[in-house]
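In what follows, a structure is listed as structure tokens, so that the remarks can point back to it.
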Amino acid sequence: GEAGLLQRQLAAMTAISPVELFANNDVRLLIDGPATFQAMFDALEQARESILLQSYIVDRSDIATRLGEVLARKQAQGVSVRLLYDGVGSAGADPAYFERLHAAGVATCAFNPPDPLQRPGYWGISHRDHRKILSIDRQVGFTGGVNISAVYSAGSFRRTARGPRGLPDQGWRDTHVRLA
């Protein structure tokens, strides 16, 4: 490419705020939920200082239960753990799930809950947080399209159990990246 383009981009970015650039990064493409969850759980086990997790969907599933157990355990080990989830996207989750995390010391917050009484000020049903971001110790990050949901657990490359209409249920296909 053209070297001048990078200089122009950096000038535009630094005009707004300071920019931190990091060299020699490792980027790994994670195709499908099982690969993403395995890489995320491996990284979570290594957390020593902080875990910041943001997800559109956290549902009632084994993968969410497993995640909750890891987050609570890491908090008990002295790791600062914070979870931001979308109030509508995670409406299917058991409220007790978030209550247990909160009781364990995990900072939890619903983004724009569906009940306007729980959200003073601006409220709009279409004002959602679709981000899926995990940051561990400010050293390892994950982002992409995989939610904390059972539909991503099975993967989409093999047939799984029959779905609600008797058709083969393939799971949801999405991609994530791991950055370190």
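The values are calculated or read from the model by the stated rules, or taken from the named source; none is laboratory data. Fair warning: this is a prediction, and the values are worked out from it, not measured in the lab. Neighbour counts run over all protein chains shown; Cβ positions are idealised from the backbone, glycine included. These area figures cover heavy atoms from the full protein model, side chains too; ligands, DNA and RNA do not enter into them. Shrake-Rupley method; radii C 1.70, N 1.55, O 1.52, S 1.80 Å.
Which percent of the accessible area of the chain is formed by carbon and sulfur heavy atoms (probe 1.4 angstrom)?
55 percent
Could you tell me what a quarter of the Cα convex hull surface of segment 40-114 works out to, in nm² with one decimal place?
Directional mean of the projected Cα hull area for segment 40-114 stands at 4.4 nm².
Roughly how large, in nm² to one decimal, is the mean projection of the convex hull of the alpha-carbon atoms in segment 1-64?
7.6 nm²
Return the Rg/Rh ratio of the chain with Cα-based radii and a Kirkwood Rh.
Looking at the chain, the ratio lands at 1.02.
Which residues make up the longest stretch of the chain that has no chymotrypsin sites (Phe, Trp or Tyr not before Pro) in a DSSP loop with at most 12 other Cβ atoms within 10 Å? Present the calculation step by step, with values, prior to reporting the outcome.
On the way: sites that count: PHE22, TYR122, PHE157.
Between exposed loop sites, the widest span is 23-121.
Where in the chain lies the longest segment free of trypsin sites (Lys or Arg not before Pro) that are both loop residues by DSSP (not H, G, I, E, B) and have at most 13 other Cβ atoms within 10 Å? Kindly include the intermediate steps, with their values, before the conclusion.
Numbers: sites that count: ARG48, ARG60, ARG131, ARG138, ARG158, ARG159, ARG165.
Here the longest segment lacking exposed loop sites spans 61-130.
How big is the antiparallel share of DSSP beta bridges in the chain, given as a percent to the nearest 5?
60 percent
Say the dipole of segment 42-124 comes from +1 at the beta carbon of Lys and Arg and -1 at that of Asp and Glu; which of ALA93, THR65, CYS109 then lies farthest toward its positive end?
In segment 42-124, that residue is CYS109.
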